[in-house]
Structures are given as C-alpha cells and as structure tokens.
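Here's the structure we're looking at; comments come further down.
The values are calculated or read from the model by the stated rules, or taken from the named source; none is laboratory data. Please read all numbers here as calculations on a predicted model, not as lab measurements. Positions of Cβ are generated from backbone atoms using ideal geometry, with glycine treated the same way; all protein chains shown enter the neighbour counts.
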Amino acid sequence: MLPFPERRLSERQERILKAIIESHISHAAPVASETLVREHALGVSSATVRNEMAELEQAGYIHQPHTSAGRTPSELGYRYFVQRLMEEQRIPRSEQLTIRHQFHQVALAREQWLQLAAAVLARSVHAAAIVSSPQTVECRVKHFETLLMQDGLALLVLVLQEGTVKQQLVQLPEDTSQEDLSRAANRLNALFRGKSRREIATLAETFNPGEDLVQRAVLLLMAQIDALEAVTVYHDGLVELLDQPEFARVERARAIVEVLERPQTMRDLLPVMPAENGVQILIGSENRREWMRECAFVLARYGEAGDVTGVVGILGPLRLSYSVAVPAVRYVSRIMTELLGDTSGRPEPQVPPTSDPP
C-alpha cells in the first residue's frame, strides 16, 4: 500500500481534492479551477482554488499533465480519497433484494452463482469483475458412499465440505459385498466427517480389512484433490473496461484482454488477500505487474477465514468509481459467504450487516 501521510490536509484542501477526484472520475479529463468553482459549491474564488491546487500538487496529491492543462489525481490523491474522503453510495434496498433473489435462484449451481457474481459486479460498476472459485486450505470430508459396480470393483463417491463431489473406481477383493461396503462406510463416515486427510491418517482407531481398504481409497482420492485442486477464475465486463479512455491504446487493451482470457495468468495476478473480512483497495503501483500501474482493484474475500474462501473484485482504471465499487464488492461477498455456508452444510458465519440491510 502507498505510504499514507499522517498530516491531514486542511478542510478546504480536502474539499478541493475530493471535488477534483469526483470530477475526474465522471469526465476522464484534467480538472480546471474554473470547473471546480462552477460545478462544486466550494465557497471560494478561482484564484483561491488555484492556490490550493498548487499546494496539493506540490504535496503530490494531484499533478498537471502538461502546461495550461487542469489537474488530475495522483495515486496518493486517490489513496487519501478512499481512506478519508470517500462517501460510499448505498445500494438501494430494492436492488439488494433483486440481487439476493438472483443468487438464491441459482444457489445450488455453484458455477452459475460464480458467473452471476461477476455479472452483477460488472453491471453495478461498469468495469471488469473477477471472481475466484472457493478453495479449501485442505479438503475435508462431508460424506462418502461406496457402491459395488461388479465383482472386484466399487465406485467411491466423496462429497467435500465446500460442496465439491469427486468419484473414483476402487479395486476390491472379489468376495466383497455391498453389505460389507455399506457397513464400512457407515462407521467411517462417523469418524471422518469434517476431517482433513492428515487428521484421518492420524486417527487412533483399529480398522478391519474392509474398513482399512475404504479408508485407504478415501485418503488416496483426498490426496489427489489436495494436489490438483486449482482456482477457477470467472470474469465479466471486459467490454465496459475497454470502453474507458485509459485503455484506448492497443497495447494496453491487449494486456487487459490477455490477462482476463488466460485463467492461469489471472490466477497468478490475484493478490494475497488478508484472511479477515473487509474490502481491500489496490491502486496503481500497489499492484504487482507493470501493466497494472494504470489500474485499480477493489477486492474482498468470501467464505470463512482459514477454511473455504474465494475472492471477488472489480478491476478498473485509477479513476474507478470507488464509492460504488466498495459497497458492491462488500455486498456480493456477503451474499456469497452465506451461499457457501448453505451449500457446505455448516452454520452460516456471522457477517456484519450493511448500512442498508435487505
């Protein structure tokens, strides 16, 4: 994160900086003192505004693209704005209810609600939205079944706590019956429920040969899941993003398209998010890649810290509408946390209410 100055600007400087940023976000053009006086109730003359703008420029909050042009916000100016000046736009109650209804219509189809999250965010902010699939630190057992297919062969169906279903064929002694498999599964389900592979492997239990065979099959499948599970990233709003003047240059547009259309690249770019709830804003050089220096991310985790989590976020230009993006990302991450709790069968986590609850 950018170094943030301890000294606050004067009240008048804060009003002027806020007006510059809001005007630049709306019009994507350098802002002149006359524009500020005309469009914002600052209560001072153009000369006074010019003097304050000169001080803001000297302090690094704004800069002048070229002589005789107006001013545009710097990264530091945006950081000051989002931390001290931004007024979040409340999501109307009717819109909250509509969004919630859309999610609950597809609540049991995980891929659909991940795609819906990206679409809702992109539509709300008119920027690109990214949503990563929920991942576990280690997969944990919710339930499993063993079904005899033919002599010497069974199907293991494993349901994980986050809702994923995996299956695998298992070789058995030819005299194994479905009754043997069901009896072993009933006992082991009670022992394995909610546990990771390592926890199962260290259980101080004695298993009969049939139970031992099923246990080893479960552990093998869980090991494969832990090793191969990959984050899937969904996105929406690419057209809206490329409509922004900041991405009019072909090379910059190509970089955006390349990243959003290549899942592995996008997975690598997802920043390490803090475990606790909350929205994180990354501005310009706070991002890790050179091409992202003209971009801003607004991101939040969904799910339960230390267990099953994913990331939702907005990618836009530096002049992203932060006051819209922040509450939108927070609200969508809240709904997804609830959905993830519902589909995984665990109690719903406690999420702080929004200022305008549905």
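Structure data summary
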| quantity | calculated |
| --- | --- |
| Meets criteria (of a type in the set (Ser, Thr, Tyr) and closer than 21 Å to residue 303 by Cβ) for residue 182 | no |
| Failed item, numbered, when residue 72 is tested on (1) outside any helix (DSSP H, G or I); (2) polar (S, T, N, Q); (3) surrounded by fewer than 15 Cβ atoms within 10 Å (Cβ to Cβ) | (3) |
| Test: residue in segment 61-69 that is crowded, with 19+ Cβ neighbours inside 10 Å and either under 28 Å from residue 337 (Cα atoms) or modelled with pLDDT of 90 or more (or both) | yes |
| Any pair with Cβ under 7 angstrom, 6 or more apart, that starts in segment 15-42 at a residue that is farther than 16 Å from residue 54 by Cβ and ends at one that is of a type in the set (Asp, Glu) | 23/39 |
| Residue under evaluation residue 66, criteria (1) of a type outside the set (Gly, Ala, Ser); (2) free of Cβ contacts under 8 Å to residues at least 12 places away in the same chain; (3) touching a His at 6+ places or on another chain (Cβ under 8 Å), criterion not met | (3) |
| Number of positions in segment 305-341 that are of a type in the set (Val, Ile, Thr), farther than 20 Å from residue 161 by Cβ and surrounded by fewer than 24 Cβ atoms within 10 Å (Cβ to Cβ) | 2 |
| Enumerated helices (runs of 4 or more DSSP H) restricted to segment 181-246, each holding at least 2 residues that are surrounded by fewer than 19 Cβ atoms within 10 Å (Cβ to Cβ) and in contact with a Cys (Cβ under 8 Å, 6 or more places away or on another chain) | 209-228 |
| Residue within segment 311-326 that is without any contact (Cβ under 8 Å) to a residue 60 or more places away in the chain, part of a helix (DSSP H, G or I) and either on the phi < 0 side of the Ramachandran plot or not assigned by TED's automatic domain parsing to the domain that holds residue 77 (or both) present | no |
